[in-house]
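The values are calculated or read from the model by the stated rules, or taken from the named source; none is laboratory data. Predicted model, so just to flag it, every value in this text is computed and none were measured. Here the Cβ positions follow ideal geometry from the backbone for every residue, glycine too, while neighbour counts run over all protein chains shown.
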Amino acid sequence: MASQQQDTGSTGAYLIRGASVLGGAAEDLLIRDGLIAARGEDLEADGATVIDGRGLIALPGMVDIHTHLREPGREDAETVETGTRAAALGGYTAVHAMANSTPVADTAGVVEQVLSLGRAAGWVDVRPVGAVTVGLAGEQLAELGAMADSRARVRVFSDDGVCVSDPVLMRRALEYVKAFDGVVAQHAQEPRLTAGAQMNEGVVSAVLGLTGWPAVAEESIIARDVLLAQHVGSRLHVCHVSTAGSVEIVRWAKSRGINVTAEVTPHHLWLTDELVRSYDPVYKVNPPLRTDADVQALRAALADGTIDVVGTDHAPHPSEHKECEWAQAAMGMTGLETALSVVQHTMIDTGLMDWAGFARVTSTTPAAIGRLADQGRPLEPGEPANVILVDPAARWTVDPSKMATMGRNSPFAGRELPGKVVATFFKGHPTVLNGELNTPYRWLPETADSEETAAAGRP
Amino acid sequence: MKHLLATEDLGYADAIRILDTAEEMAAVGDREVKKLPALRGRTVVNLFFEDSTRTRISFEAAAKRLSADVINFAAKGSSVSKGESLKDTAQTLAAMGADAVVIRHWASGAPHRLATTDWIDAAVINAGDGTHEHPTQALLDAFTMRRHWSKLAGTPSAGADLQGMRVAIAGDVLHSRVARSNVWLLRTLGAKVTLVAPPTLLPVGVEQWPCTISYDLDETLARGVDAIMMLRVQGERMNASFFPSTREYSRRWGFDDNRLRSLERLGLKDTIIMHPGPMNRGLEISSAAADSPRSTVLAQVRNGVSIRMAALYLLLSGDTREPATNSTKESH
């Protein structure tokens with residue numbers, strides 16, 4: 001059946017010769033019928049297309065726990081098609097599509113629509129995130145169970161962009177998702193402390209006269225939420241942790257055995273609020289860029305496991321939302337096509353983390369948080385062939401106009417970055433080859449009976 | 001100097017040059033024909049996204065005394081959703097051939113956007129942006145202080161700075177672009193600045209500024225000041241819990257009659273009282289203080305025209321003398 005899913009007439013078999021698996025010794029990987037068929041030395045090609053993997057690193061396909069695909073509703077910013085092309089090019093085989101679309105993904109109908117759009121595109125697994133509250137309004141729980149039971153089988157719920165600030169509502173959400181092994185992904189931002197906030201509150205905001213977004217507004221919500229998660233025995237995920245103080249709270253919570261996971265974005269691992277001195281809104285993001293001390297704490301926390309995953313918070317915006325005054329500009333940065341390189345630059349080239357650690361924070365753990373059975377798996381025979389090949393020695397200069405995403409709002413524009421995705425295999429199919437988009441994976445037509453099979457992508 | 005956006009990165013030589021040029025311009029204001037032909041045929045646009053009659057007419061008078069053509073563009077209530085974007089406005093002005101844009105904007109950094117994007121090629125003068133900077137206000141304040149300081153020393157103003165002068169700035173520093181611009185410029189000119197405010201009206205991070213912080217106006221006066229500048233306080237700050245009531249504010253941080261009398265008692269006979277206007281009489285400054293011989297409020301207004309003439313002249317006259325310290329951003 002897998003071969004029927006291919007639209008190229010190829011055998012669907014690929015032999016990767018001599019790639020360094022997770023940065024270890026060079027080995028061959030044989031991909032056939034959507035699976036890793038064999039791993040070892042001097043494997044027989046047996047009709048498979050041979051890919052020279054020398055100098056390349058083989059990693060599990062990356063899983064983004066935090067992506068904004070904008071569709072439905074803001075197709076002028078991004079579509080599922082363009083966003084997932086960007087994801088494939090960036091080395092992703094799965095993305096979690098955040099719920100702040102228009103309409104909000106707060107019903108089974110919307111999450112199923114996003115799922116279908118993702119499958120029609122075929123570049124990566126699109127896993128819809130369900131809203132916690134109706135319309136992200138923070139007043140009434142959305143139909144979490146209906147979304148969990150839908151074809152989209154939602155497990156991650158988030159009002160991202162807005163904090164579930166009402167403590168009672170947050171408690172109820174944490175309790176309720178236990179019924180279907182869900183997780184609440186919190187955008188930690190105390191709203192009253194951040195009214196009109198434009199940038200990190202500190203030395204730079206004082207000079208620039210921009211309203212401050214104090215670290216305490218993030219840290220106080222995280223502190224409250226980990227205590228709530230402990231109290232009701234539920235699972236909490238903290239989106240885009242941005243401060244050194246937040247790291248300390250998460251570390252404390254984990255030491256107490258609280259079931260909390262935390263995420264950091266690539267941009268918070270590198271950029272600081274000093275960049276805001278330019279008043280260029282490409283650096284406007286929520287949570288805001290912080291100080292160098294925060295950056296160093298976040299890197300250390302990602303290395304030691306206090307922060308579990310890298311999430312891009314890929315947030316494309318039309319250019320008119322950035323070509324304006326700082327205060328008028330939209331918050332957000334693109335990230336799917338630069339994440340690997342930025343993490344390599346900030347974590348691997350600095351010696352803080354190895355490629356096995358990279359696989360943990362970009363694939364294994366985010367897949368586990370999202371309960372994606374087929375993603376973030378070991379590169380072993382019998383496992384689904386979600387695999388990427390990375391050239392760690394490559395260097396490239398970021399040019400947003402050449403990206404697959406519709407968003408041109410990359411804060412890394414003009415910077416030279418290390419590391420390039422050479423190939424992405426999604427369910428054994430090369431969505432990216434030679435660093436360029438190849439063809440999408442073709443899902444079988446959906447029927448009630450084939451649902452499980454199609455979802456698993458196996459013959 | 002291509003633009004005048006901030007005093008934070010305005011070097012000493014440029015600052016002195018603007019002040020000295022303003023002295024020359026002030027002489028024009030004393031003549032029967034208050035007009036120079038320097039900017040004949042040049043177009044200056046006053047682009048005001050925020051109401052400010054005083055600043056606008058000051059720039060208008062300055063440009064007209066230099067014979068420039070002046071266009072006033074009031075873009076009130078502009079926002080992306082409601083009206084034309086800043087980019088479109090700027091490109092429109094560029095297409096009309098504006099040589100200089102004097103911009104007042106409620107958003108901090110808007111003048112920087114005009115100056116650093118390719119939307120418009122004109123010289124940009126910041127006439128106050130959000131809670132960021134108001135460089136011509138600081139320059140006219142420094143001009144006023146320099147005349148006073150030089151007069152006390154019995155030396156000419158031209159070429160002088162403010163070395164050793166003690167300046168207190170009291171009030172809503174958090175929301176004040178005037179305070180920010182003054183702190184940087186007075187630092188550059190050698191004055192010693194003390195900011196006096198309730199802790200709620202000082203920005204987090206103020207401890208890094210090149211000045212002293214005080215919560216106590218009386219103590220600051222008792223230590224001796226040569227100029228006290230009162231900042232305008234908006235009554236609505238009270239509703240956001242920055243202070244309990246306007247009466248309490250006035251008692252603790254207002255320059256009232258008691259504090260006016262205390263200057264005599266403290267032997268501060270030459271201390272001047274400044275205010276950027278418009279004043280809330282009875283709130284941050286009493287009428288007796290505002291109208292006393294110490295008050296420089298009207299001199300500041302008068303000097304404002306000279307400073308703005310100097311800024312327009314230096315940016316537009318084709319004066320190609322290389323500024324000595326234009327690019328050296330001093331650390332602080």
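Do we have any residue at all in region A:189-201 that's touching a Ser or Thr at 6+ places or on another chain (Cβ under 7 Å), away from chain B (no Cβ under 14 Å) and surrounded by fewer than 24 Cβ atoms within 10 Å (Cβ to Cβ)?
yes
Can you name every residue in region A:151-184 that is of a type in the set (Ser, Thr, Tyr), surrounded by fewer than 24 Cβ atoms within 10 Å (Cβ to Cβ) and within 15 Å of A:GLY135 (Cα to Cα)?
If we filter region A:151-184 for residues that are of a type in the set (Ser, Thr, Tyr), which is where we start, we get A:158, A:165, A:176.
The next check asks that each one be surrounded by fewer than 24 Cβ atoms within 10 Å (Cβ to Cβ); those that pass are A:165, A:176.
Within region A:151-184, just A:SER165 meets the criteria.
The rows are residues; the columns are (1) touching a residue at least 12 places away in the same chain (Cβ under 8 Å); (2) assigned to a helix (DSSP H, G or I); (3) within 18 Å of the chain's Cα centre (by Cα); (4) within 30 Å of A:ALA217 (Cα to Cα).
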position	(1), (2), (3), (4)
A:GLU75	no, no, no, no
A:GLY83	yes, yes, yes, no
A:ALA88	yes, yes, yes, no
A:VAL95	yes, no, yes, yes
A:ASN100	yes, no, yes, yes
A:ASP160	yes, no, yes, yes
A:ALA173	yes, yes, no, yes
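Of everything in region A:379-397 that's charged (D, E, K, R) and more than 17 Å from A:VAL432 (Cβ to Cβ), which residue is surrounded by the most Cβ atoms within 10 Å (Cβ to Cβ)?
To start, the set of residues in region A:379-397 that are charged (D, E, K, R) comprises A:380, A:383, A:391, A:395.
Going one step further and asking which of them are more than 17 Å from A:VAL432 (Cβ to Cβ), we end up with A:380, A:383, A:395.
Numbers: A:GLU380: 11, A:GLU383: 15, A:ARG395: 11.
Among those residues, the one meeting the criterion is A:GLU383.
Counting only residues that are of a type outside the set (Gly, Ala, Ser), in a helix (DSSP H, G or I) and over 25 Å from B:VAL225 (Cα atoms), how many does region B:265-321 have? Walk me through it before giving the result.
Of the residues in region B:265-321, the ones of a type outside the set (Gly, Ala, Ser) are B:265-266, B:268-276, B:278-281, B:283-285, B:291, B:293-294, B:296-298, B:300-303, B:305, B:307-309, B:312-316, B:319-321.
Narrowing the set further to residues that are in a helix (DSSP H, G or I) leaves B:265, B:297-298, B:300-303, B:305, B:307-309, B:312-316.
Keeping just the survivors that are over 25 Å from B:VAL225 (Cα atoms) gives B:305, B:308-309, B:312-316.
Result for region B:265-321: 8.
When residues of region A:300-320 are filtered for being over 30 Å from A:ALA253 (Cβ atoms), in contact (Cβ under 8 Å) with a residue 24 or more places away in the chain and surrounded by fewer than 24 Cβ atoms within 10 Å (Cβ to Cβ), how many remain? Before the answer, list the steps.
The first filter runs over region A:300-320 and keeps only residues over 30 Å from A:ALA253 (Cβ atoms), leaving A:316-320.
The next check asks that each one be in contact (Cβ under 8 Å) with a residue 24 or more places away in the chain; those that pass are A:316-319.
Subset that is surrounded by fewer than 24 Cβ atoms within 10 Å (Cβ to Cβ): A:318-319.
Number of matching residues: 2.
Given the structure, is A:VAL247 over 21 Å from A:ASN100 (Cα atoms) and within 23 Å of the chain's Cα centre (by Cα)?
Considered against the rule, which asks whether it is over 21 Å from A:ASN100 (Cα atoms) and within 23 Å of the chain's Cα centre (by Cα), A:VAL247 comes out as yes.
Looking at region A:51-64, which of its residues are within 21 Å of A:TYR441 (Cβ to Cβ) and either at pLDDT below 95 or of a type in the set (Val, Ile, Thr) (or both)?
Scanning region A:51-64 gives A:ILE51, A:VAL63.
For region B:96-209, list the helices (runs of 4 or more DSSP H) that sit wholly inside it and hold at least 2 residues that are more than 15 Å from the chain's Cα centre (by Cα); which are they? Give the derivation first.
Working: elements: B:110-116, B:135-153, B:177-188.
Per the criteria, B:110-116, B:135-153.
Within region B:222-245, identify whether any single residue is of a type in the set (Val, Ile, Thr) and modelled with pLDDT of 95 or more, and answer yes or no.
Taking region B:222-245 and keeping what is of a type in the set (Val, Ile, Thr), we get B:225, B:228, B:233.
Remaining after also requiring modelled with pLDDT of 95 or more: B:225, B:228.
Scanning region B:222-245 turns up at least one residue that is of a type in the set (Val, Ile, Thr) and modelled with pLDDT of 95 or more.
Suppose we filter B:ALA68, B:ALA62, B:ALA13, B:ALA74 for residues that are among the small types (Gly, Ala, Ser), over 21 Å from B:ALA311 (Cα atoms) and in contact (Cβ under 8 Å) with a residue 24 or more places away in the chain; which single one remains? Outline the logic, then answer.
On the way: B:ALA68 fails: over 21 Å from B:ALA311 (Cα atoms); B:ALA62 fails: over 21 Å from B:ALA311 (Cα atoms); B:ALA13 fails: over 21 Å from B:ALA311 (Cα atoms).
Among B:ALA68, B:ALA62, B:ALA13, B:ALA74, only B:ALA74 is among the small types (Gly, Ala, Ser), over 21 Å from B:ALA311 (Cα atoms) and in contact (Cβ under 8 Å) with a residue 24 or more places away in the chain.
So if I check each of A:ASP280, A:ASP292, which one is away from chain B (no Cβ under 14 Å) and acidic (Asp, Glu)? Give the derivation first.
Values: A:ASP280 fails: away from chain B (no Cβ under 14 Å).
The conditions single out A:ASP292.
Between a first residue in region A:27-39 that is farther than 16 Å from A:LEU56 by Cα and a second residue that is small (Gly, Ala, Ser) and part of a strand (DSSP E or B), which pairs have beta carbons less than 6 Å apart while being 6 or more apart in sequence or on different chains?
Every condition considered, the pairs that remain are A:ARG32/A:ALA13.
With the requirement that a residue be surrounded by fewer than 24 Cβ atoms within 10 Å (Cβ to Cβ) and among the basic types (Lys, Arg), what does region A:289-299 give you?
A:ARG299
Here are the criteria: (1) crowded, with 24+ Cβ neighbours inside 10 Å; (2) in contact (Cβ under 8 Å) with a residue 40 or more places away in the chain; (3) at positive phi. Tell me which single one B:GLY97 does not satisfy.
Of the numbered conditions (1) crowded, with 24+ Cβ neighbours inside 10 Å; (2) in contact (Cβ under 8 Å) with a residue 40 or more places away in the chain; (3) at positive phi, the odd one out for B:GLY97 is (1).
Consider A:ALA356 carefully, then state whether it is part of a helix (DSSP H, G or I), more than 14 Å from every other protein chain (Cβ to nearest Cβ), under 17 Å from the mean Cα position of the chain (by Cα) and surrounded by fewer than 20 Cβ atoms within 10 Å (Cβ to Cβ).
So A:ALA356 does not fit the description; no.
Among the residues of region B:197-218, write down those that are more than 14 Å from every other protein chain (Cβ to nearest Cβ) and over 17 Å from B:TYR249 (Cβ atoms). Give the steps one after another, and end with the answer.
Filtering region B:197-218 for residues more than 14 Å from every other protein chain (Cβ to nearest Cβ) gives B:198, B:212, B:214-218.
Hit for region B:197-218 is B:THR212, nothing else.
If I filter region A:256-263 for residues that are in a helix (DSSP H, G or I), in contact with a Lys or Arg (Cβ under 7 Å, 6 or more places away or on another chain) and surrounded by fewer than 22 Cβ atoms within 10 Å (Cβ to Cβ), do I get at least one hit? Give the derivation first.
First, pick out the residues of region A:256-263 that are in a helix (DSSP H, G or I): none.
Checked region A:256-263: no residue is in a helix (DSSP H, G or I), in contact with a Lys or Arg (Cβ under 7 Å, 6 or more places away or on another chain) and surrounded by fewer than 22 Cβ atoms within 10 Å (Cβ to Cβ).
For region A:41-67, give me the residue count where each residue is farther than 23 Å from A:TRP355 by Cα and not in a loop (DSSP other than H, G, I, E, B).
2
Looking at (1) away from chain B (no Cβ under 14 Å); (2) surrounded by 24 or more Cβ atoms within 10 Å (Cβ to Cβ), which is the one condition that is false for A:ASN286?
If we test A:ASN286 against (1) away from chain B (no Cβ under 14 Å); (2) surrounded by 24 or more Cβ atoms within 10 Å (Cβ to Cβ), just (2) comes out false.
What tally of residues in region A:208-234 results from selecting those that are touching a residue at least 40 places away in the same chain (Cβ under 8 Å) and either within 14 Å of chain B (Cβ to nearest Cβ) or crowded, with 19+ Cβ neighbours inside 10 Å (or both)?
To start, the set of residues in region A:208-234 that are touching a residue at least 40 places away in the same chain (Cβ under 8 Å) comprises A:208, A:210, A:213, A:215, A:218, A:221, A:224-225, A:228-229, A:231-234.
If we keep only those that are either within 14 Å of chain B (Cβ to nearest Cβ) or crowded, with 19+ Cβ neighbours inside 10 Å (or both) as well, we get A:208, A:210, A:213, A:215, A:218, A:221, A:225, A:228-229, A:234.
The qualifying residues number 10.
Residue by residue through region B:106-134, note down the ones that are touching a strand residue (DSSP E or B) at 6+ places or on another chain (Cβ under 6 Å) and more than 13 Å from every other protein chain (Cβ to nearest Cβ).
B:ALA122, B:ALA123, B:ILE125, B:ALA127
Looking at B:SER292, B:SER262, B:SER245, B:SER286, which one is free of Cβ contacts under 8 Å to residues at least 40 places away in the same chain, under 20 Å from B:LEU195 (Cα atoms) and not aliphatic (A, V, I, L, M)?
Numbers: B:SER292 fails: under 20 Å from B:LEU195 (Cα atoms); B:SER262 fails: free of Cβ contacts under 8 Å to residues at least 40 places away in the same chain; B:SER245 fails: under 20 Å from B:LEU195 (Cα atoms).
From the options B:SER292, B:SER262, B:SER245, B:SER286, the qualifying one is B:SER286.
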